[in-house]
1. Return the residues of region A:106-120 that are closer than 14 Å to A:Phe79 by Cβ and touching a strand residue (DSSP E or B) at 6+ places or on another chain (Cβ under 8 Å); say none if nothing qualifies.
2. So A:Ala49 passes all but one of these: (1) out of contact with any Ser or Thr (no Cβ under 8 Å at 6 or more places or on another chain); (2) open to solvent by less than 40 Å² (accessible area, probe 1.4 Å); (3) of a type in the set (Gly, Ala, Ser); (4) in a loop (DSSP other than H, G, I, E, B). Which condition number does it fail?
3. Mind listing whichever residues of region A:62-107 are more than 17 Å from A:Met147 (Cα to Cα), open to solvent by 10 Å² or more (accessible area, probe 1.4 Å), in contact with a Phe, Trp or Tyr (Cβ under 8 Å, 6 or more places away or on another chain) and in a loop (DSSP other than H, G, I, E, B)?
4. Give region A:16-41 a look and list any residue that's among the β-branched types (Val, Ile, Thr), under 20 Å from A:Ala60 (Cα atoms) and open to solvent by 60 Å² or more (accessible area, probe 1.4 Å), or say none.
5. Starting from residues that are farther than 27 Å from B:Asp116 by Cα and assigned to a loop (DSSP other than H, G, I, E, B), keep the ones in region A:108-136 and report whichever is least open to solvent (accessible area, probe 1.4 Å).
6. Could you look through region B:114-159, keep only residues that are among the basic types (Lys, Arg) and assigned to a loop (DSSP other than H, G, I, E, B), and pick out the one that is most open to solvent (accessible area, probe 1.4 Å)?
7. Identify the residue in region B:100-113 that is small (Gly, Ala, Ser) and crowded, with 20+ Cβ neighbours inside 10 Å and, among all such residues, is farthest from the chain's Cα centre (by Cα).
8. Do we find a residue being away from chain B (no Cβ under 14 Å) and within 14 Å of the chain's Cα centre (by Cα) anywhere in region A:106-126?
Amino acid sequence: MALIEGIFEPGLVVTTVDWVLNWSRKRSIFPMTFGIACCAIEMMATGAARFDLDRFGAGAFRATPRQADLMIVAGTVTFKMAERLRRLWEQMAEPRFVIAMGACAISGGPYHLHAYHVVKGVDQVVPVDVYVPGCPPRPEALIEGLMRLQDKIGTRTIAKKCEV
Amino acid sequence: MTPSEIIEILKPHEGDGIVSAAADGTHPHVVVKAQRLAAVAAVLKTDWRLRFDLLRCISAIDWPAQNGVELSYDLISTSLGHAFAVKVMLDRADPQVESVAGVWPAAEWHEREAFDLMGVTFLRHPDLRRILLPEDWVGHPLRKDYPYPVAYKGLKLNP
């Protein structure tokens, strides 16, 4: 006989606070409505009916950074945009996550060598959790990136400050 | 109306302002003196036989060998269905020309772009600011001798 068996009503579930928090967080990632370039078209396709990001609880694109958990950097980030992007990220409530979607956001992509105006990787501006390569990535790739982000959120704990 | 007819209409008004004219070829145009550009623009817009009501684009071309910056104004008449272009050659060290934003409102942003990327100053422009690059950017990137920057506000360009 287990320690608490028969003491509580049937239907009692025993778990950890970490597990419940992570379970709820990773199944309700609200992305920000934030598309910069052509990758945003794929991001919109991912959110729409055919690929349906809502299956993962991430289909509620919020129109304000205050309500968003996830910033999908979908496109080329110029230096002029970098300041605004950083400010939007700072306005998001913690815990906040960033997916760098596509070649431009990862490294500057086709603008890596000769462009004077493009940030060569958005990780110079904000901390990036998941990189999704492609030019642009297919919706399946973005969904894969989101699932990897869910895995990452699953490893968080309230016991120490998390870098994720 | 053919390009040569357009040039014939322009000549009585602005004959001494026209440096050269090209009626043939793929891009018929007149080259005018910089200080006469606004007057030529007004004629092109208002003359009842020309009626160029649409400024399609302003191209700025850097010619280091000729020590000049060339502006090319491409025009269309939506009512009469003909097209033409006006070119002007400016001093490369200090390119200045009268704004035509009062004639064609579309010129306002085109001129801001030419100012931003080529460093052409448009006199009497209503709002001459950079349009694409950050306000504190140094230099004009589409000049042939533009030095490729190393970093901008701590963000490296070639990490």
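The values are calculated or read from the model by the stated rules, or taken from the named source; none is laboratory data. Quick caveat: nothing in here was measured; it's all calculated off a predicted structure. Methodologically, a virtual Cβ is constructed for each residue, glycine included, from the backbone with ideal geometry; neighbour enumeration extends over all protein chains shown. When the accessible area is computed, the model is the full protein with side chains, heavy atoms only, and any ligands, DNA or RNA have been set aside. Shrake-Rupley method; radii C 1.70, N 1.55, O 1.52, S 1.80 Å.
1. Looking only at region A:106-120, we keep the residues that are closer than 14 Å to A:Phe79 by Cβ, and these are A:108, A:111, A:115-120.
Correct list: A:Gly108, A:Tyr111, A:His117, A:Val118, A:Val119, A:Lys120.
2. The one condition A:Ala49 does not meet is (2).
3. Scanning region A:62-107 gives a single hit, A:Thr76.
4. Kept after step one, since they are among the β-branched types (Val, Ile, Thr), are these residues of region A:16-41: A:16-17, A:20, A:29, A:33, A:36, A:41.
Remaining after also requiring under 20 Å from A:Ala60 (Cα atoms): A:29, A:33, A:36, A:41.
Scanning region A:16-41 gives A:Thr33, A:Ile41.
5. So in region A:108-136, the residues farther than 27 Å from B:Asp116 by Cα come out as A:123, A:126-136.
Checking which are assigned to a loop (DSSP other than H, G, I, E, B) leaves us with A:126-129, A:133-136.
Values: A:Val126: 2, A:Pro127: 73, A:Val128: 26, A:Asp129: 27, A:Pro133: 93, A:Gly134: 29, A:Cys135: 103, A:Pro136: 54 Å².
So the residue we want is A:Val126.
6. Among those that are among the basic types (Lys, Arg) and assigned to a loop (DSSP other than H, G, I, E, B), it is B:Arg124.
7. Our first condition is that a residue be small (Gly, Ala, Ser); within region B:100-113, this holds for B:101-102, B:106-107.
Now restrict to residues that are crowded, with 20+ Cβ neighbours inside 10 Å: B:101, B:107.
Values: B:Ala101: 11, B:Ala107: 9 Å.
Once the filter is applied, the top-ranked residue is B:Ala101.
8. no
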